[in-house]
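> Got a structure for you, written out below as structure tokens; questions coming shortly.
The values are calculated or read from the model by the stated rules, or taken from the named source; none is laboratory data. Treat the numbers as computed from the prediction; the structure is a model and nothing was measured. Here the Cβ positions follow ideal geometry from the backbone for every residue, glycine too, while neighbour counts run over all protein chains shown. The area values use the complete protein model at the heavy-atom level, side chains included, leaving out ligands, DNA and RNA. Shrake-Rupley method; radii C 1.70, N 1.55, O 1.52, S 1.80 Å.
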Amino acid sequence: MRLRIMALALVALTGRVLASQGQGVEECRNITSEPERLACYDAIPTSGGEKAPVQLAKSFYNVLARDTYRGINAPRIELHVAFANSTDKPVKALSVLIRIRDAFGDDVLVTEAKMDIDIEPHTQSSATPYFYWEDNEFDPGSAYRRILNPVSSKTAQTDVTVKKILYRDGSVDSY
């Protein structure tokens, strides 16, 4: 038991050291051991707490059953999002980090995504783009299967953090 605790502490320390050496989300994603990978994510430095001027305004989930009439060929979960732009420049695209946690606060899904979205200055996006995860009956560890229980039971905690903003004038801000 004592050896196991020491091994976990060493794994966590190794993950933190690797992340502090400039590893980002992509490098952490390639780590196969779950404790090491989570420690790596935890150790990624943030940009001093500066918040992006484009923030998530609202989000909600839809859990959809298979419905070939509507073009839904496999059960899926949709995460609909809307963003508010508090800048003086129109936004053309966003790069975001999506983190979905269960009722205990444990990460069930952490993924990066990019989206083309038009948001005028000082407004909220009118169309609600969405991300979706489909069931794959051949992959019991798929993202759909990991988030199905927390989303269905309405205990999922969702954070969508804006990492990069591409403005219509071509300038880019990173956070």
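> Considering each residue of segment 23-72, count those that are in a loop (DSSP other than H, G, I, E, B), of a type in the set (D, E, K, R) and modelled with pLDDT under 80, and give that number. Spell out how you get there, then give the answer.
Our first condition is that a residue be in a loop (DSSP other than H, G, I, E, B); within segment 23-72, this holds for 23-24, 30-33, 43-53, 65-66, 71.
Then drop every residue that is not of a type in the set (D, E, K, R), which leaves 50-51, 66.
Next cut, modelled with pLDDT under 80 only: 50.
Summing the residues that are in a loop (DSSP other than H, G, I, E, B), of a type in the set (D, E, K, R) and modelled with pLDDT under 80 in segment 23-72 gives 1.
> If I ask for residues that are under 25 Å from GLU137 (Cα atoms) and free of Cβ contacts under 8 Å to residues at least 12 places away in the same chain, which ones from segment 84-116 would you list?
Correct list: ASP106 only.
> Restricting to segment 41-83, what's the tally of residues that are under 17 Å from ILE100 (Cα atoms), open to solvent by less than 30 Å² (accessible area, probe 1.4 Å) and either without any contact (Cβ under 8 Å) to a residue 40 or more places away in the chain or of a type in the set (A, V, I, L, M) (or both)?
4
> Which one of these does PRO90 not meet: (1) at pLDDT below 95; (2) under 23 Å from SER171 (Cβ atoms)?
Failing condition for PRO90: (1).
> Additional query: Considering only residues that are open to solvent by 50 Å² or more (accessible area, probe 1.4 Å), within 16 Å of VAL162 (Cα to Cα) and not basic (Lys, Arg), which ones fall in segment 87-113?
Listed by number, the list holds a single entry, GLU112.
> Output the residues belonging to segment 114-123 that are open to solvent by 90 Å² or more (accessible area, probe 1.4 Å) and either touching a Gly at 6+ places or on another chain (Cβ under 6 Å) or outside any loop (DSSP other than H, G, I, E, B) (or both).
Within segment 114-123, LYS114, ASP116, ASP118 qualify.
A quick yes/no check of all residues on (1) assigned to a strand (DSSP E or B); (2) touching an Asp or Glu at 6+ places or on another chain (Cβ under 6 Å); (3) under 16 Å from GLU112 (Cβ atoms):
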{"position": "GLU137", "(1), (2), (3)": "no, no, no"}
{"position": "PRO140", "(1), (2), (3)": "no, no, no"}
{"position": "VAL151", "(1), (2), (3)": "no, no, no"}
{"position": "THR155", "(1), (2), (3)": "no, no, no"}
{"position": "THR158", "(1), (2), (3)": "yes, no, yes"}
{"position": "ILE165", "(1), (2), (3)": "yes, yes, yes"}
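> Sort out which residues of segment 134-173 are within 25 Å of VAL91 (Cβ to Cβ), surrounded by 11 or more Cβ atoms within 10 Å (Cβ to Cβ) and in contact (Cβ under 8 Å) with a residue 40 or more places away in the chain, and write them in order of number. Even if it seems obvious, please write down each step before you answer.
Of segment 134-173, the ones within 25 Å of VAL91 (Cβ to Cβ) are 158-173.
Retained after the next criterion (residues that are surrounded by 11 or more Cβ atoms within 10 Å (Cβ to Cβ)): 158-168, 172-173.
Within segment 134-173, THR158, ASP159, VAL160, THR161, VAL162, LYS163, LYS164, ILE165, LEU166, TYR167, ARG168, ASP173 meet the criteria.
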